[in-house]
Amino acid sequence: MDKLREECGLVGISSNEYQPMGMKIFDGLMSVQHRGQEAAGIAVYHEGVMTYYKNTGLASEVFNQENLRPLNGSIGIGHVRYSTTGSQERKNAQPLVVDFKGGSMALVHNGNLINAVKIREELIEEGHSFTTTIDSEVIVRLLSKKYKNDGLKALIETLKRIKGGFALILILDGKMYGVRDPHALRPLVMGRTKDNEIVFASETCTLDLLEAEYIKDLEKGEIVEVTGSDYRSIIYDDTKRRAVCSFEYVYFSRPDSRQEGRSVYEARVRMGELLAKKDTGDYDLVAPVPDSGIPAAVGYAKAAGLPYTHTLIKNKYIGRTFMDPTQEGRERMLRLKLGIIKETVKDKRILLVDDSIVRGTTMRRLVERLKEAGAKEVHVRSCSPPVKYSCYFGIDTPLKKLLIGANYEVDMIAKHIRADSLKYLDNEDLIEAIGIPKDELCRACFDGEYPMEVPRVQSRYVFEKF
Ligand code: SF4
């Protein structure tokens, strides 16, 4: 579909007990599967021994009872991946596990390092070799280089060198570490289970699944060091402005999650309410583009006093069908994914709500199909401002020339997608809906105000040449 894509989902658990940890991590990965569907992996650790398994595919395709059975330990970390750097091969799946002078270390990483190319070139020059084509490997190679019998010290030195948006979970020196970048761009939350285990995860829906009580979202520039079920916090960098990713609230996070203590569902409902407040047109019904437009359509319908109605139905069993990149292939995919309830559409003036419009190609076909099914008018509303700029912090964004919001005015976009009218949530209303102060949010894909200097070109295959 025509969406920005989150790069990865992370889970980590530390316990005082040796146990079937792989199974718990697997359950956690299922709850963040929406954050990455290309590869999945788990590493477990106990008394100096690291065991791991990873492969390409969904977590449910990669793991089975047989390969989970040996994954026992007192610490476990897991990863689901959608790549923003490196190809989709098995070698690029995480956790990254390396043997080094401090024993065995494992890392899972969500995000993107903007200075990874430079560090990788330097390390190769010094004689270090790399086994993957992903930016995350520079973290474990730097850490190995800097390690002198003190994992935490080497980790802090490594973190001072890397730049970008990142959340990390590591197994190092027999401990589990959770890390958030100095701007808090990528999310990482922490909780404690009834069995006194410490959990890290990209979203609170994982804490709920594992029946863990929420402790906190990690702070910007924070390391949490976990030993068994005890933990301590270290702020390694407090010099940067907080810049929480606003797109987590628009689309990436599950609606049953809370980010920074704020309900993602409630933020989306509020986006719909604020859109409705500025709308003066006449419509017969409000319909979501499922699933991402549902909470905002609920909010819009309530605020406007209009019936909330389903006009599009999502096929839940489609999985990851082969994607043919031609126009016909995309059309086939859209027909496979979404059906139309003709009875709710005929002769109606439809207010259609989606989370965002990235290229505009999917929305155009949806509008056309609703009209073919008998809709009198289709008015499109986007719960985010126009996406105009690329993300460099771990989100896969099409090239700027393909971002419809970067290249056309709103009335031209409305014409292109065949909508009778088009409105976007404005920047101020987005900030109000999320409820985090403006200067503590990243909204760079909407307004181009990046929280750090970014490179002019970023290719996901940038390391393939090394
Ligand atoms: S540029 Fe957009 S997607 Fe990327 S971190 Fe900022 S708000 Fe999130």
Among the residues of the range 376-399, which ones are more than 13 Å from the ligand (Cβ to nearest atom) and of a type in the set (Val, Ile, Thr)?
Val378, Val380
Mind checking which strands (runs of 3 or more DSSP E) fall wholly inside the range 345-446 and carry at least 1 residues that are in contact (Cβ under 8 Å) with a residue 40 or more places away in the chain and small (Gly, Ala, Ser)?
377-382, 421-424
So if I check each of Leu185, Leu207, Leu170, which one is touching a strand residue (DSSP E or B) at 6+ places or on another chain (Cβ under 6 Å) and in a loop (DSSP other than H, G, I, E, B)?
Leu185
Mind listing just one residue for me: the one in the range 226-257 that is in contact with a helix residue (DSSP H, G or I) (Cβ under 9 Å, 6 or more places away or on another chain), part of a strand (DSSP E or B) and open to solvent by 10 Å² or more (accessible area, probe 1.4 Å) and, of those, nearest to the ligand (Cβ to nearest atom)?
Cys245
Being touching a residue at least 24 places away in the same chain (Cβ under 8 Å) and touching a helix residue (DSSP H, G or I) at 6+ places or on another chain (Cβ under 7 Å) narrows it down to one residue among Leu152, Leu96, Leu123; which is it?
Leu96
Note: among Lys220, Lys160, Lys216, just one is part of a loop (DSSP other than H, G, I, E, B), more than 20 Å from Pro95 (Cα to Cα) and in the same structural domain as Gly28 (by TED's automatic domain parsing), namely Lys220
Tyr317, sole failed condition from (1) surrounded by 16 or more Cβ atoms within 10 Å (Cβ to Cβ); (2) farther than 30 Å from Leu113 by Cα; (3) among the aromatic types (Phe, Trp, Tyr):
(1)
Answer yes or no: is there a residue in the range 345-354 that is buried (at least 21 other Cβ atoms within 10 Å of the Cβ), more than 15 Å from the ligand (Cβ to nearest atom), of a type in the set (Asp, Glu) and within 24 Å of Thr311 (Cα to Cα).
yes
Selection within the range 163-182 - open to solvent by 10 Å² or more (accessible area, probe 1.4 Å) and either within 14 Å of the ligand (Cβ to nearest atom) or not small (Gly, Ala, Ser) (or both)
Lys163, Asp173, Lys175, Pro182
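Rundown of residues vs (1) surrounded by fewer than 21 Cβ atoms within 10 Å (Cβ to Cβ); (2) outside the structural domain of Gly178 (by TED's automatic domain parsing); (3) under 27 Å from Val80 (Cβ atoms), yes/no style:
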site: Val97; (1), (2), (3): yes, no, yes
site: Lys101; (1), (2), (3): yes, no, no
site: Leu113; (1), (2), (3): no, no, yes
site: Ser144; (1), (2), (3): yes, no, yes
Within the range 276-285, is even one residue acidic (Asp, Glu), closer than 30 Å to Gln19 by Cα, open to solvent by 80 Å² or more (accessible area, probe 1.4 Å) and modelled with pLDDT of 95 or more?
no
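The values are calculated or read from the model by the stated rules, or taken from the named source; none is laboratory data. Please read these numbers as outputs of a predicted model, since none were measured by experiment. A quick note on method: Cβ atoms are made from the backbone with ideal geometry, for glycine too, and the neighbour counts reach across all protein chains shown. Side chains are part of the model used for accessible areas, which takes the heavy atoms of the whole protein and leaves out ligands, DNA and RNA. Shrake-Rupley method; radii C 1.70, N 1.55, O 1.52, S 1.80 Å.
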